[in-house]
Amino acid sequence: GSSSYLQGSRTTGLGPPGNTLVVLAGDAVIAVGGEFGTLSEIGLALKFGKPVVGIETWLLDKETPVADPIIRAKDAAEAVEKALALIRKGP
């Protein structure tokens, strides 16, 4: 079905190398569930300094003061709200 939150989607057809293009195409990343492709997109987004909001997605735990850099959301509406707030806030 169609989502009222989705304004556009990107399909690169490039497989894993296309993940970088997907991440660079937006101002924030919303990760929903996911497997290793989603994990790589989360990593790339964080590497490029883009905010990441997650819905039931990977838990990243490093032995540093910043344990999990993914902002958690319970549903799509909350994820979009948080992503937009992070974009407006800036780095």
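The table for this structure:
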quantity: Under 22 Å from the Cα of LYS62 - lysines, other chains or at least 8 residues apart; calculated: LYS47, LYS50
quantity: Charge tally in the Cβ shell below 15 Å around ASP68, where Lys, Arg are +1 and Asp, Glu are -1, ASP68 excluded; calculated: 0
quantity: Accessible surface, per residue, of the range 50-91 when the full set of protein chains is kept, probe 1.4 Å, Å²; calculated: 70
quantity: Inter-label distance for GLU56 and LEU21, nm, one decimal - labels placed 7 Å from Cα along Cα-to-Cβ; calculated: 3.0
quantity: Amide H partners (placed H, <5 Å) of GLY54, local residues excluded; calculated: ALA31, ILE71, ARG72, ALA73
quantity: Pair-distance profile P(r), taking every C-alpha pair of the range 13-71, with 10 angstrom steps and integer %; calculated: 24, 57, 18, 1
quantity: The range 23-65 - percent of accessible surface contributed by carbon and sulfur, probe 1.4 Å; calculated: 57
quantity: Where labels lie 7 Å past Cα in the beta-carbon direction, separation of GLU81 and LEU46 in nm; calculated: 2.5
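The values are calculated or read from the model by the stated rules, or taken from the named source; none is laboratory data. Keep in mind it's a predicted model, so treat the numbers as computed, not measured. Every residue, glycine as well, gets a Cβ built from its backbone with ideal geometry; the counts of neighbours run over all protein chains shown. All accessible areas refer to the heavy atoms of the entire protein, side chains included, with ligands and DNA or RNA removed. Shrake-Rupley method; radii C 1.70, N 1.55, O 1.52, S 1.80 Å.
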